[in-house]
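Take a look at the structure set out below.
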Amino acid sequence: MLGIDFLGSQFWPLLILLCPLAAFVVQIFIGRFLPRKGDWVSLAAIGISLLISVACFAQVLIKKDPHFTAGFPSYQWLTAGMFTIKMGILFDNITAIMLVVVTLVSFLVHLYSVGYMHGDIRYSRFFAYLSLFSFSMIGLVLSNNLLSLYIFWELVGVSSYLLIGFWFEKVSAANACKKAFVTNRVGDFGFFLGILLIIFFLGKTEYGEVFNALKMSRPVDFTEGWLTFAGVCLFMGAVGKSAQFPLHVWLPDAMEGPTPVSALIHAATMVAAGVYMVTRLYPVFTPDALLVIAYVGGFTAIFAATIALVQNDIKRVLAYSTVSQLGYMVMGLGVGGYVAGFYHLWTHAFFKALLFLCSGSVIHALHSQDLRDMGGLWKKMPITFVAMTIGTLAISGFPPYFVSGFYSKDGILGATLALVMERPQHFVLAIFGFLGAAFTAFYMFRLIYMTFTGHPRDEHKYEHAHESPWTMTVPLMVLAVLSICSAGFFSGSEWFGDYVQKPESAVVMAHVPAGAHEAVAGSEAVHEGGHSTEHAAHQYAVILSILIVFISITLATLTYYHKFKKISAEKIAERLKPVYNLLYNKYYIDEIYEKFIIRPVVRFTKLCSRFDSGVIDGAVNGTAKATVFAAFATGQHDLKVIDGAVNGVAQTVIAAGKGAGMMQTGRIKNYFAWAVGGMVCILGLIYLLLLRR
Amino acid sequence: MDYLSNFYSNPEIIKYLRDVFLGAGAINQSHILSLMTFVPFLGAIIILFIPRQNKDLVRAVAVVATGIPLLLAAQVFWVFYTQGGAQMKFVEMYDWIKPFNIQYFMGIDGVSAPMVILTALLGFICIFASWNIEKGVKAYFALFLILETGMMGVFCALDFFLFYVYWEVMLLPMYFLIGIWGGPRKEYAAIKFFVYTLAGSVLMLLVMLAMYFNTNIAEAGPNAAQHTFNLLLLTNQNMHIGILQNFDMRLLLYIGLFIAFAIKVPVFPFHTWLPDAHVEAPTAISVILAGVLLKMGTYGIFRISFPLLPDMAQYTSIGLAVFGMINIIYGALCAMAQDDLKKLVAYSSISHMGYCLLGMGALTAAGMNGALLQMFNHGTITGMLFLLVGVIYERAHHRNVDGFGGLATKVPVYAGIMGFAFFASLGLPGMSGFISEALCFIGGFEHDYLHVITAVSTLGIVITAAYLLWTFQKIFLGPFNNKYDNLQEINGRELFTLVPLGIIVVILGFFPSIILNIMGGGINTLMNIISKGAGHWSW
């Protein structure tokens, strides 16, 4: 392309990374003073990144080598004794694919924000944050070692904090951004611990070196148990960032941010970081760790889907749908459908960004997020309507072979089914998967019907509704097209397999329980075929999922399409009141956390503080007081006893003197009398002492 | 003829000093350290002769008297940056009290150089942070400059006696600075700080004398015993005699030293002087307290406890790490419960110093580097935090975190810098605090028995994030509190005190090797001494 080898040196990948950083620096310091408040700086930066990414992607496509890796050197970043950390860029097929996802969605969101954020008082600040986010996300994708992955991982967290809390005057937004960051930190705690474990046992951080060390020279004390533990710890990071149960709570609240942010971060890119991390580190996960991953993902998929069934806030429905879809990706990876899981990340990025931007368009027009205020909008906003319908078909896994979601979701379901057929004791995973798919189709069609069809429920708002400006609709159209053709122009998922292949597990098992290992490691990515069970599983999965989707859509149509209305949602809700309430209140998870974690912790901190000032400081003050008292007592002793004795002697002498003084009357007669008396006494004494003998 | 033979007749000693610490470096050639230490003192004397009304001249003298050490610190940095920190540099050695072998012995290596630079930097910055002091200007700046002399001396001294003298020199000005210019409970805080530290000093004095009388540096053997206060010579186990050859006595001495330094760090349960002192002290003094004084505790462990009693360092390493864990978690929990912003930052200091203890307890290169780096980073980051607390206090006249709300709309620049400092404090990658914390954890994991302790300590990063972001939300986010309609944005002078620290935080966040390469050499020397001394005892 253009005669330039974009992957020949680190220059181009580095440029992809540094453009948004430069834009961030410019925007944060002088953005306000630039013409148009500098939105073009960020837009240009991400545009350049996008162009280079696409060029790199194109070159990778041409190579058609599933094991392609551009060999870039690493540079020493820090040394502490024997311990060194090197930084470098890893560029392989996965990187290329992720880069396109990140830069493309980012670019479209930048463009969309020009319209959406128009007139905001912190307009330039918004673009600064967007650039910071793009920088962090690109860095995360380009990292070649665990520590720099963690670094960018956290930076992504901060940019999301800043963007969610962008309208921080709103209490809900201020709460949401804090919640997002802290919840993510809980996951990062595990992630970091996992990294520490790997560093401790292997002394390496670079992905390739870690895998090699695991394969070739795994220390004896790095047992499978430890390895599973390390894997689960690492996965905790993904649980936080990719909003898996039980750390999913931040994502729905994160919708308090501006809608473009929801699309960019909380749908397409940032939340995918967790899935990306699992993909990247796939070889370190033991079969047991993968099972944990599969169960967490599967449970999240169905758990969030059930919540989405009854929500009335358009963004909240989409948020829970994101959680659910992320659950699918994670489950896909966990059951061994490596390619399918990552493929779903790729397709989901486009259709979910599309859905969010469509919802943003609706919100922009209506100034309401409540589905119950909507209805009949298709006439007013045809482009949004068509685009959103395409997104809905994609996410539902609608079978006519042209929307992307079908292939990827099918791959995941196929892989799950393959695992279940090998090891029937995990049949729950299949139930999670297929039932989740049914719910997905249902709630998405519910959303479409309630928003666009029927009669307007709020006439006033409907009157003022209008189609959005071109900066907003163009991204919609682009994403709608991509939602269709990201599946490789009708060729299904085959093309993807030419670039992404499941890496070999680096875990050499000492003793494998019969069948267990093969079942997980062996349930190769579906499209690769070869394995007969798998092939069969894939076929069953296709048939089953098509069936389920159709039933589900039919039910949704009967319930929510105004011309039919055969089934009354209200009646069902009434009849199943407890279930409805449970779902509507999101299983009360937030309340449980509030009651059993947050409040006890806060109470405990108060207790600590009281302990500190009462007991510890009390002891210090007590010591001081005791010392003072001892000093006082000594002083008193000194005063009363010692000095008292001294004074006592003196006083006795004085008293004696005084008494003696009384004798001195100055009269001779008295003296004479005293003298005689004295003489008599002395003589008496002499007599008594001497003569009586 | 080696210059050292003017002081020591025993060639073995000279060889030891040269081999382990000094290399072939010249002695008494550069007097940078003396200048850095005593120029502030000179400034203090000059200030005493300035008429009381001439406040600006007093301030100008203070700027010059701290500016010169800062410039010299830049040179120190450059020399260490280009030559590494393995050997003692800028060494000065004179006889001071000859009959007792007390020397004026100054020198710095990779362990002390960052501390010297930090002291010079914060000293200079704090002069500007004290610009608004109107009460007793002369006395304030004079005392402040004497304080800087004491602090600088502590980090440069290589003679135990000299170290002790500087340690005490620093104490008195601090007492007055808190006691006179402090907040409502200043007398209480000042006396608490003073007595507490003094109690520690007494222990240090006892250990110092015990070390002194149980060393023999003479050639002839114990008959003509010659003692020394030389901290570098005291590391030589071959010269230890008497009680120093007894395991239990060594342990006792080590514990004595530890308590002396633990009070300064402060280590739980000796920490309660710190919140009081911090809350009552004026802004600049809080910055110095957190930025420099706390480091004197950990520095003491680095410079004295570890090399002088290396086997005890090994023996008690787990204990040190446990204290670190307690500091991290307990400090963070207490911080979360505080309503007073300054007290919150004070408790966060306790928590952050815990990372140092954890890294030191690990006794691995990564942990020690992390601990030393954390000392430096905590100085810059917490320095920023205290400066920022001072800014809001000067305007709002209170520090109650619940009493604000939505200030980010009114003072965006201030909120931005505070956010920056908070994120630095919670260990965000890309800022310096992250690297030192990560290294402390990595070091802790490398120790064979510290996995659980380190793992529990990493919980600290979650709690820290929680309380800092919660605080940030309460002060800056949410609906604007109309009470603060007239709140002034941060001014130029305040920015001038904050921006350099912020720049350092970011630079070290991206290029930590700038300073790690300096520290590495010093740590290496220290590690060698410890591993050699571990012959007596090892886990």
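Couple of notes before you dig in:
- Lone qualifier among B:Ser457, B:Ser436, B:Ser432 - being touching a Ser or Thr at 6+ places or on another chain (Cβ under 8 Å) and either of a type in the set (Val, Ile, Thr) or more than 9 Å from chain A (Cβ to nearest Cβ) (or both): B:Ser432
- Restricted to segment A:309-415, the set of helices (runs of 4 or more DSSP H) holding at least 2 residues that are modelled with pLDDT under 85, among the charged types (D, E, K, R) and on the phi > 0 side of the Ramachandran plot is empty.
- The condition of being more than 23 Å from A:Leu355 (Cβ to Cβ) and of a type outside the set (Asp, Glu) holds for A:Ser74.
- Scanning segment A:605-622 for residues that are more than 7 Å from every other protein chain (Cβ to nearest Cβ) and not aliphatic (A, V, I, L, M) gives A:Arg610, A:Phe611, A:Ser613, A:Gly614, A:Gly618, A:Asn621, A:Gly622.
- Of all residues in segment A:628-647, those satisfying the criterion of being within 21 Å of B:Tyr196 (Cβ to Cβ) and either more than 57 Å from the chain's Cα centre (by Cα) or facing chain B (nearest Cβ under 9 Å) (or both) are A:Ala630, A:Ala631, A:Phe632.
- Condition met for A:Arg218 (among the basic types (Lys, Arg) and closer than 29 Å to A:Thr69 by Cα): yes
- The listed residue being among the charged types (D, E, K, R) and closer than 26 Å to B:Ser317 by Cβ, out of B:Lys532, B:Lys483: B:Lys532
- Scanning segment B:16-50 for residues that are farther than 17 Å from B:Leu70 by Cβ and of a type in the set (Phe, Trp, Tyr) yields B:Tyr16, B:Phe21, B:Phe49.
- Pair list, Cβ < 8 Å and 6+ apart or interchain, from segment B:391-415 residues that are under 14 Å from B:Asn481 (Cα atoms) and touching a residue at least 12 places away in the same chain (Cβ under 8 Å) to residues that are charged (D, E, K, R) and assigned to a helix (DSSP H, G or I): B:Val401/B:Lys474; B:Asp402/B:Lys474; B:Phe404/B:Lys474; B:Gly405/B:Lys474
- Taking the criterion of being touching a helix residue (DSSP H, G or I) at 6+ places or on another chain (Cβ under 8 Å), aromatic (Phe, Trp, Tyr) and under 25 Å from A:Gly237 (Cβ atoms), the residues of segment B:461-515 that qualify are B:Tyr467, B:Trp470, B:Phe472.
- Selection from segment A:268-288 of residues that are within 22 Å of A:Val500 (Cα to Cα), assigned to a helix (DSSP H, G or I), at pLDDT 85 or above and of a type outside the set (Val, Ile, Thr): A:Ala272, A:Ala273, A:Gly274, A:Tyr276, A:Met277, A:Arg280, A:Tyr282, A:Pro283, A:Pro287
- Filtered by the rule that a residue be of a type in the set (Gly, Ala, Ser) and either within 14 Å of chain A (Cβ to nearest Cβ) or touching a Leu at 6+ places or on another chain (Cβ under 6 Å) (or both), segment B:282-336 gives B:Gly291, B:Ser305, B:Ser317, B:Ala321, B:Gly324, B:Gly331, B:Ala332, B:Ala335.
- Looking across segment A:45-85, the residues that are within 14 Å of another protein chain (Cβ to nearest Cβ) and among the aromatic types (Phe, Trp, Tyr) come down to A:Tyr75, A:Trp77, A:Phe83.
- Counted residues, segment A:23-37 - those being more than 26 Å from the chain's Cα centre (by Cα) and surrounded by fewer than 23 Cβ atoms within 10 Å (Cβ to Cβ): 9
- Search result, residues across segment A:1-22 that are more than 30 Å from the chain's Cα centre (by Cα) and closer than 17 Å to A:Ser131 by Cβ: none
- Per the conditions (1) under 16 Å from B:Thr464 (Cβ atoms); (2) in contact (Cβ under 8 Å) with a residue 60 or more places away in the chain, the sole criterion not satisfied by A:Phe211 is (1).
- Selected residue [modelled with pLDDT under 90, part of a helix (DSSP H, G or I), crowded, with 22+ Cβ neighbours inside 10 Å and within 13 Å of chain B (Cβ to nearest Cβ)] from A:Ile195, A:Ile265, A:Ile199: A:Ile199
- Hey, A:Glu169 facing chain B (nearest Cβ under 9 Å) and over 22 Å from the mean Cα position of the chain (by Cα) or not: yes
- Of residues in segment B:363-411 being in contact with a His (Cβ under 8 Å, 6 or more places away or on another chain) and within 13 Å of another protein chain (Cβ to nearest Cβ), the one surrounded by the most Cβ atoms within 10 Å (Cβ to Cβ): B:Gly367
- In segment A:421-462, the residues that are basic (Lys, Arg) and not in a helix (DSSP H, G or I): A:Arg423, A:Arg457
- Taken over segment A:129-163, residues that are more than 30 Å from A:Ile198 (Cα to Cα) and within 11 Å of chain B (Cβ to nearest Cβ) amount to 1.
- Restricting segment A:172-188 to residues that are at the interface with chain B (Cβ under 7 Å from one of its Cβ atoms) and not charged (D, E, K, R), the residue that is nearest to A:Ile265 (Cα to Cα) is A:Phe181.
- Hits in segment B:50-94 - residues which are more than 24 Å from B:Leu232 (Cβ to Cβ), among the β-branched types (Val, Ile, Thr) and not in a loop (DSSP other than H, G, I, E, B): B:Val58, B:Val61, B:Val63, B:Val64, B:Thr66, B:Ile68
- Residue that is part of a helix (DSSP H, G or I), without any contact (Cβ under 8 Å) to a residue 60 or more places away in the chain, more than 22 Å from B:Gly331 (Cα to Cα) and not aromatic (Phe, Trp, Tyr), where the choices are B:Val452, B:Val499, B:Val462, B:Val506: B:Val499
- Of the criteria (1) closer than 25 Å to B:Ala424 by Cα; (2) within 14 Å of chain A (Cβ to nearest Cβ); (3) surrounded by fewer than 21 Cβ atoms within 10 Å (Cβ to Cβ), which one B:Asn482 fails: (1)
- Among all positions in segment A:608-624, there is at least one residue which is β-branched (Val, Ile, Thr), farther than 23 Å from B:Ile329 by Cβ, out of contact with any helix residue (DSSP H, G or I) (no Cβ under 6 Å at 6 or more places or on another chain) and surrounded by 12 or more Cβ atoms within 10 Å (Cβ to Cβ).
- Residue list for segment A:448-488, filter: under 13 Å from A:Thr384 (Cβ atoms) and among the aliphatic types (A, V, I, L, M): A:Ile448, A:Ala465, A:Met472, A:Val474, A:Leu476, A:Met477, A:Leu479, A:Ala480
- Once segment A:110-128 is narrowed to residues that are within 14 Å of another protein chain (Cβ to nearest Cβ) and either of a type in the set (Lys, Arg) or over 20 Å from A:Phe33 (Cβ atoms) (or both), the residue that is surrounded by the fewest Cβ atoms within 10 Å (Cβ to Cβ) is A:Arg122.
- Of all the numbered requirements in (1) farther than 30 Å from B:Arg493 by Cα; (2) at pLDDT 90 or above; (3) in contact with a strand residue (DSSP E or B) (Cβ under 9 Å, 6 or more places away or on another chain), B:Gly110 misses one, and that requirement is (3).
The values are calculated or read from the model by the stated rules, or taken from the named source; none is laboratory data. Predicted model, so just to flag it, every value in this text is computed and none were measured. So basically every Cβ, Gly included, is an ideal-geometry build from the backbone, and we count neighbours across all protein chains shown.
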